[in-house]
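Engineer: Got a structure for you, questions after.
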Amino acid sequence: MKLLIVGGVAGGASAAARAARLDSSAEIIVFERGEYMSFANCGLPYYVGEVIKQRDSLLVMTPEKFKGRTGIEVRTQQEVIEVNADKNEIKIKNIESGEVYSESYDKLLLTTGSSPLIPPIPGVDDPDVMTLWTIPDVDRIKERVDNGIKKAVVVGGGFIGLEVAENLVERGVEVTLVEMLPHVMSTLDAEMSSMLESELADKGIKLQLANGLTEIKRDSSNLSVALKDGTEIMTELIVMSVGVRPNNELALNAGLKTGERGGIKVNANLQTSNSDIYAAGDVIEVTNPILNAPAMIPLAGPANRQGRIAANNIFGAKETYNGTIGTSICKVFDLDAASVGPNETTLKAAGRDYLKTYIIPASHASYYPGSEPLFMKVIFEKNGKILGAQIVGSDGVDKRIDLLATAIRSNMTVSDLAELELAYAPPFGSAKDPINYVGFVAENIIKGDTIPVNPDELKEGDFLLDVREEDEILCGTIPGSLNIPLGQVRDNLDKLPKDKEIIVFCKVGIRGYLAERYLREQNYKVKNLSGGYMTWKLFNRDGIKTNIKYAACADTPSSVSSTEKALELDACGLQCPGPIVQVKNNLDSMAEGQELKVTASDAGFYNDLPVWCESTGNTLVAIEKTDGLIKALIKKGAGAVVNSDGTMTAMPKRTTIVLFSNDLDKALAAFIIAIGFATLGHKVSIFCTFWGLNVLRKDHPPKVKKNLISKMFGIMMPRGARKLALSKMHMMGMGTAMMKDVMKSKNIDDLPTLIGQARLMGVELLACEMAMNMMGIQEAELMDDVDLAGVANFAALAEKSGPVMFI
Ligand code: FAD
């Protein structure tokens, strides 16, 4: 047998090593066009970040070592340029010498992998535009970083883009991440990836979401990227990571069948449409067994397994590859994000029926330090079949996603998860592991023991019952909900409607479930909010971004240990709302201005405390999370910021602007003021109503159905920030154009840029629903990420605000 393998990294090297073990007498040659075989492509980003310190560690195998171990010859820098399938022969070009020669084969294995996509935009061939795919790529990027570049733009928010962005930040580079879609990491649904976005923003990455790259500009030594919304970002390095395409040229040349997205079509034995040619890895089209549809899933695990199976089959076995379910995981600073199977977006597009549940268990016994919440979303069918799962957290994500992947592969149902016997001791899990919980909750849903409602299904006017303790409500609640703590529900039934559906919720869903069961027994129509308030927050933009607000405390003592006069409170071992209750009790007996240093092990405390301090008018001086313990320093005081000299300055932290006008000058003023307050650390909301709504309109909205009057309104009103006119001296457009020119010459940002900056700084844009209805403006016509708000939302904001301005 003479086996030729094209490609000597993941799939190719695996196949070669397996082949050598199956038949040591076979003649096997591996051709690799790169300089290196079997290198650790998955480790490349971490070498940039110097997490992996030695370049040599990336070179997992050398041709010499491989030959010694397996007897197989690996020819690097040899590119296969042609496959003659009729003659069972390939042509190879020696890249160093330019020599072209041929080799015949009995069997050929194509493991040519994939290559990064380069979008065809102006300027993309600039030498500072790079991709991270190979050892020479990483050398180039690392050299630029070692030379001290200050700024980089990473284009693409998938796995590789996120890993590159993180590792550049670790090296002190200021990174802007540009993603064309509204969210990073498209394997996750939006609410789950919102946690990653918060984490990226917390770690200083500037996010440009829903904003595609349109041009790369080089002006002498200045490099910049231009984005779809007109934003321009100066940079020194651009790393492109916008997706991959299969290296299928040889397959096409050999006349092999390929799929819609160019992947080589193979049968279950990984044999191509030519019986002497097999293929494996990123270059093949796999079957997604859950959707029963073809898919391109470029991952190292599948490539390695396919290489092995292909070798087995080439040497006479009849082994089948059972498709790829896309089990994957990625580290994003302190968070891990993992998924398996299709997400909800994909299932919806495929027209599949499904149920879903959100649970947020602790990663291990919450009284043992280091426990963190696991945000789990599991999608399943009525018959219990598990379709997919997504998990975000900072502890124990990997083992839970692997358990779910194993369960899917073994055709286990959610009921089987409830029965799994898993290893338990407090540092590792809970007696009822999060995976068991998935089983319990999903079983309850299937049996009808609980009727869940998901946060994205809530409607205006729903009757919401919050059964958390009063102190927890101070950490935030769903607007308009009624609070009756679980223990008091029995005594307050008269406050609940019998004729209306009640949606009950707690922090993560467990107390909500207890209330749901009790109320149903009392003949109330009741549902439980899946994943509780914490999951609702994921759908409601601020998500878990609360710590961003504490950028305002940057000039305050940043270390919890920096004060000696503080009283100490040890709230370790207590679970929510225990630590908050303890903080409250302690502060109640303290004098204004006195400090309390608290240590807690409940992971939720990290997000809860900032909001609690804001709502109770106390000052959070510092908060930090180390080794699973949360340490915070609180100063009893009325909504104040502590100055570096220890004095307190009263400073309201919320500013609300009502933008009523669509005059260019007034809109400019509104956004300049908003940015000003945001730089002071205020949470700024701009509530756009009536003509102000026009500022939020998209330049190119999708087609929407409208009646005649709405259409007329739409035509008469300016569409978006670029179309606004000055309130005075518009002079048929001349005055406005002159003003824009003057602003440009004085380097004053135009309105779209200011809006972009404001959004980056967390300014919240709200569209008045009532005014939208009156003016016939629909949500799809507004910029992405604008929230719709009613008067009640505005009133709630204004009540919490310091300045409220009407423009
Ligand atoms: P590759 O490993 O890419 O090997 C293909 C080889 O074929 C290449 O070396 C190429 O030079 C060679 N070749 C192509 N055409 C020819 C030709 N005509 N002649 C000779 N040689 C040729 N996956 C994960 O699961 N987890 C991760 O964390 C992860 N991180 C990643 C990080 C980075 C930066 C990158 C680039 C990829 C990462 N991946 C990860 C993806 C994973 O590396 C790929 O899915 C896997 O390597 C695919 O294996 P393959 O054998 O199909 O292709």
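Engineer: Of Asn167, Asn94, which residue is within 13 Å of the ligand (Cβ to nearest atom), surrounded by fewer than 17 Cβ atoms within 10 Å (Cβ to Cβ), polar (S, T, N, Q) and on the phi < 0 side of the Ramachandran plot?
Structural biologist: Going through Asn167, Asn94 in turn, the sole match is Asn94.
Engineer: While we're looking at this one, here's another question. Which numbered condition in (1) within 16 Å of the ligand (Cβ to nearest atom); (2) open to solvent by less than 10 Å² (accessible area, probe 1.4 Å) is the only one that Val153 fails?
Structural biologist: Here Val153 clears every test but (1).
Engineer: If you go through the stretch 383-394, how many residues are outside any strand (DSSP E or B) and surrounded by fewer than 19 Cβ atoms within 10 Å (Cβ to Cβ)?
Structural biologist: 2
Engineer: Counting only residues that are β-branched (Val, Ile, Thr), more than 19 Å from Ala338 (Cα to Cα) and part of a loop (DSSP other than H, G, I, E, B), how many does the stretch 175-221 have?
Structural biologist: Final tally of qualifying residues: 1.
Engineer: Additional query: May I ask you to verify whether Ser371 is open to solvent by less than 30 Å² (accessible area, probe 1.4 Å), assigned to a strand (DSSP E or B) and farther than 24 Å from Val266 by Cβ?
Structural biologist: no
Engineer: Considering Asp456, Asp449, Asp471, which residue is surrounded by fewer than 20 Cβ atoms within 10 Å (Cβ to Cβ) and more than 29 Å from the chain's Cα centre (by Cα)? Give the derivation first.
Structural biologist: Numbers: Asp456 fails: more than 29 Å from the chain's Cα centre (by Cα); Asp471 fails: surrounded by fewer than 20 Cβ atoms within 10 Å (Cβ to Cβ).
Of Asp456, Asp449, Asp471, the one residue that is surrounded by fewer than 20 Cβ atoms within 10 Å (Cβ to Cβ) and more than 29 Å from the chain's Cα centre (by Cα) is Asp449.
Engineer: Find the strands (runs of 3 or more DSSP E) located wholly in the stretch 225-340 whose residues include 1 or more that are within 16 Å of the ligand (Cβ to nearest atom), and list them.
Structural biologist: Passing ranges, in order: 237-240, 244-246, 277-279, 284-288, 293-295, 328-332, 335-340.
Engineer: Take the conditions near the ligand (Cβ under 9 Å from one of its atoms), touching a Ser or Thr at 6+ places or on another chain (Cβ under 7 Å), among the charged types (D, E, K, R) and at pLDDT 95 or above and apply them to Glu89. Does it pass?
Structural biologist: No: the conditions fail for Glu89.
Engineer: Would you check which residues across the stretch 236-263 are surrounded by 22 or more Cβ atoms within 10 Å (Cβ to Cβ) and of a type in the set (Val, Ile, Thr) and list them?
Structural biologist: Ile238, Val239
Engineer: Between residues in the stretch 295-309 that are under 17 Å from Gly158 (Cβ atoms) and without any contact (Cβ under 8 Å) to a residue 12 or more places away in the chain and residues that are open to solvent by less than 40 Å² (accessible area, probe 1.4 Å) and more than 7 Å from the ligand (Cβ to nearest atom), which pairs lie under 6 Å by C-beta distance while being six or more apart or on different chains?
Structural biologist: none
Engineer: One residue is enough: does the stretch 197-206 have a residue meeting the conditions open to solvent by less than 10 Å² (accessible area, probe 1.4 Å), touching a strand residue (DSSP E or B) at 6+ places or on another chain (Cβ under 7 Å) and among the small types (Gly, Ala, Ser)?
Structural biologist: For the stretch 197-206, residues open to solvent by less than 10 Å² (accessible area, probe 1.4 Å), touching a strand residue (DSSP E or B) at 6+ places or on another chain (Cβ under 7 Å) and among the small types (Gly, Ala, Ser): absent.
Engineer: Would you point out which residue out of Leu177, Leu108 is within 16 Å of the ligand (Cβ to nearest atom), closer than 30 Å to Pro373 by Cβ and at pLDDT 95 or above?
Structural biologist: The unique qualifying residue is Leu177.
Engineer: Kindly indicate the residue of the stretch 20-74 that is among the charged types (D, E, K, R) and within 38 Å of the chain's Cα centre (by Cα) and also most open to solvent (accessible area, probe 1.4 Å) among those meeting that condition.
Structural biologist: Lys53
Engineer: Additional query: Can you pull out the residues in the stretch 272-281 that are open to solvent by less than 40 Å² (accessible area, probe 1.4 Å) and either free of Cβ contacts under 8 Å to residues at least 60 places away in the same chain or within 22 Å of Asn304 (Cβ to Cβ) (or both)?
Structural biologist: Thr272, Ile277, Tyr278, Ala279, Ala280, Gly281
Engineer: Related question: Just to be sure I understand, how many residues within the stretch 398-418 are more than 12 Å from Val340 (Cα to Cα) and β-branched (Val, Ile, Thr)?
Structural biologist: 2
Engineer: In the stretch 723-754, how many residues are within 35 Å of the chain's Cα centre (by Cα) and open to solvent by 50 Å² or more (accessible area, probe 1.4 Å)?
Structural biologist: 5
Engineer: I've got another one for you. Does Ala771 meet the test of being among the small types (Gly, Ala, Ser), modelled with pLDDT of 85 or more, closer than 30 Å to Gly204 by Cβ and surrounded by 15 or more Cβ atoms within 10 Å (Cβ to Cβ)? Outline the logic, then answer.
Structural biologist: On the way: among the small types (Gly, Ala, Ser): yes; modelled with pLDDT of 85 or more: yes; closer than 30 Å to Gly204 by Cβ: no; surrounded by 15 or more Cβ atoms within 10 Å (Cβ to Cβ): yes.
No: the conditions fail for Ala771.
Engineer: Counting only residues that are small (Gly, Ala, Ser), give me the helices (runs of 4 or more DSSP H) lying completely in the stretch 700-792 with at least 2 of them.
Structural biologist: Fully inside the stretch 700-792 and qualifying: 708-716, 734-745, 751-760.
Engineer: Still on this structure: So, in the stretch 342-368, how many residues would count as being in a strand (DSSP E or B) and modelled with pLDDT under 95?
Structural biologist: 1
Engineer: Only residues that are within 9 Å of the ligand (Cβ to nearest atom) and part of a helix (DSSP H, G or I): list them for the stretch 18-43, please.
Structural biologist: Within the stretch 18-43, Asn41, Cys42, Gly43 qualify.
Engineer: How many residues are surrounded by 21 or more Cβ atoms within 10 Å (Cβ to Cβ), among the β-branched types (Val, Ile, Thr) and under 30 Å from Gly204 (Cβ atoms) if we restrict to the stretch 327-351?
Structural biologist: 1
Engineer: Suppose the filter is within 13 Å of the ligand (Cβ to nearest atom) and open to solvent by less than 10 Å² (accessible area, probe 1.4 Å); does Ala15 pass it?
Structural biologist: Answer is yes for this residue.
Engineer: Same structure again: Considering only the stretch 575-602, how many residues are open to solvent by 10 Å² or more (accessible area, probe 1.4 Å), in contact (Cβ under 8 Å) with a residue 60 or more places away in the chain and either assigned to a loop (DSSP other than H, G, I, E, B) or in contact with a Ser or Thr (Cβ under 8 Å, 6 or more places away or on another chain) (or both)?
Structural biologist: 5
Yes/no per residue for (1) buried (at least 20 other Cβ atoms within 10 Å of the Cβ); (2) in contact (Cβ under 8 Å) with a residue 24 or more places away in the chain; (3) more than 23 Å from Tyr533 (Cβ to Cβ):
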site: Asp353; (1), (2), (3): no, yes, yes
site: Lys356; (1), (2), (3): yes, yes, no
site: Ala365; (1), (2), (3): no, yes, no
site: Val378; (1), (2), (3): yes, yes, no
site: Glu381; (1), (2), (3): no, yes, yes
site: Asn411; (1), (2), (3): no, yes, yes
site: Pro426; (1), (2), (3): no, yes, yes
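Engineer: Between residues in the stretch 483-498 that are free of Cβ contacts under 8 Å to residues at least 12 places away in the same chain and farther than 22 Å from Tyr533 by Cα and residues that are in a loop (DSSP other than H, G, I, E, B) and open to solvent by less than 30 Å² (accessible area, probe 1.4 Å), which pairs lie under 9 Å by C-beta distance while being six or more apart or on different chains?
Structural biologist: Asp491/Ile484
The values are calculated or read from the model by the stated rules, or taken from the named source; none is laboratory data. Since the model is a prediction, treat every value here as computed from it, not as a measurement. Don't worry about glycine lacking a Cβ; one is built from the backbone with ideal geometry, like all the others, and counts go over all protein chains shown. All accessible areas refer to the heavy atoms of the entire protein, side chains included, with ligands and DNA or RNA removed. Shrake-Rupley method; radii C 1.70, N 1.55, O 1.52, S 1.80 Å.
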